[in-house]
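Following: one structure in structure tokens, then a few remarks.
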Amino acid sequence: MFKRKISSIMKKKQTSPNISKNFMDHDHELCFESALKDFKQHFIEKELKLTPLRLKVFQLLLKDHRPLGAYQILDLLRKDGFSSTPPIAYRVLDFLIEHGFVHKIKKLNAFVACSHPGNSHSPTFMICRKCEKVAEINEKESGLKFNKETSSEFKIEEAIIELIGICKNCTKIEVI
Ligand SMILES: [Zn+2]
Ligand SMILES: [Zn+2]
Ligand SMILES: [Zn+2]
């Protein structure tokens, strides 16, 4: 048990926040497993019910850092033997969004798994327009300073920033 704990801490260190990791070749199996572990942990901590469908939808959204549209999610669920209808899929997505496990990417009208679920935060996304992979970064990493207290006429409740660009991997391909 003790040994396992140490190895998981070490693993976490290896994958620790390199913002462009999502766009590059990386040990995605490790990345997937650690995100899934966090996800399950938050369900226990918040005493939420982890249904097979909630788990499955999160796993689908974690698959390769590419956001999925609601209908793509539905198709994949059906392929995996879930008899889901759009209202059910939307309900699951709403639940996951509400609890901070999933974010909606407005630009793509698609959903992506949160990279640090459970914490309340205003995410900033880097979206590659070529491969459509998405990386979630924090305010510090994005270099965008945003003061939510600036205006007395307008109260900001939520700030979601979407940055469109081209990732390093796709730049390389373009050059070739
Ligand atoms: Zn990954
Ligand atoms: Zn997030
Ligand atoms: Zn790309």
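The values are calculated or read from the model by the stated rules, or taken from the named source; none is laboratory data. The structure presented is a predicted model; accordingly, all values stated were derived computationally and were not measured. Every residue, glycine among them, receives a Cβ derived from its backbone with ideal geometry; neighbour counts consider all protein chains shown. These accessible areas exclude ligands, DNA and RNA; they are computed on the full protein's heavy atoms, side chains included. Shrake-Rupley method; radii C 1.70, N 1.55, O 1.52, S 1.80 Å.
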* Structure fact -> Sequence order, the range 83-91: Karplus ³J(HN,Hα) from phi using 6.51 cos²θ - 1.76 cosθ + 1.60, θ = phi - 60°, Hz rounded, Gly and Pro as x, gives 8, 8, 9, x, x, 5, 4, 5, 5
* Structure fact -> Length gained, Met24-Ile173, 0.36 nm per residue minus C-alpha separation, equals 52.4 nm
* Structure fact -> Taking 0.36 nm per residue of separation between Ile164 and Tyr90 and subtracting their Cα-Cα distance, the length gained on full extension comes to 24.1 nm
* Structure fact -> Calc'd 3J(HN,Hα), the range 69-77, phi into Karplus 6.51 cos²θ - 1.76 cosθ + 1.60 (θ = phi - 60°), Hz, glycine/Pro = x, comes to x, 4, 6, 5, 4, 4, 4, 5, 5
* **Sequence-distant residues sharing a close amide H with Cys131 (under 5 Å, placed H)** => Cys167
* **Cα coordinate range in the range 27-175, projected on the principal axes (Å, largest first)** => 46, 46, 29
* Please give the solvent-accessible surface of Arg78 in Å², to the nearest 10, using a probe radius of 1.4 Å with every protein chain present. => 120 Å²
* Simple spin-label estimate for Phe154 and Leu53 in nanometres, 7 Å along Cα-Cβ -> 3.8 nm
* Asked: Hey, what do the phi angles of the range 42-57 turn into as Karplus ³J(HN,Hα) couplings, whole Hz, using 6.51/-1.76/1.60 and θ = phi - 60°, x for Gly and Pro?
  -> 5, 5, 5, 4, 8, 6, 9, 8, 8, 7, x, 5, 4, 5, 4, 4
* Asked: For the range 27-175, with every protein chain kept in place, what is the accessible area per residue (1.4 Å probe, Å²)?
  -> 61 Å²
* Using modelled backbone amide H atoms (1.01 Å from N, in-plane), which distant-in-sequence or interchain residues come within less than 5 Å of Val102's amide H? -> Ile97, Cys114
* Structure fact -> With all protein chains present, the range 27-175 has a carbon and sulfur share of its accessible area (1.4 Å probe) in percent of 52 percent
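Report, in listed order, any pair from Lys40/Lys155; Lys46/Lys130; Lys63/Lys155; Lys37/Lys133; Lys79/Lys168 with a Cα-Cα distance greater than 30 Å.
Lys40/Lys155; Lys46/Lys130; Lys63/Lys155; Lys79/Lys168
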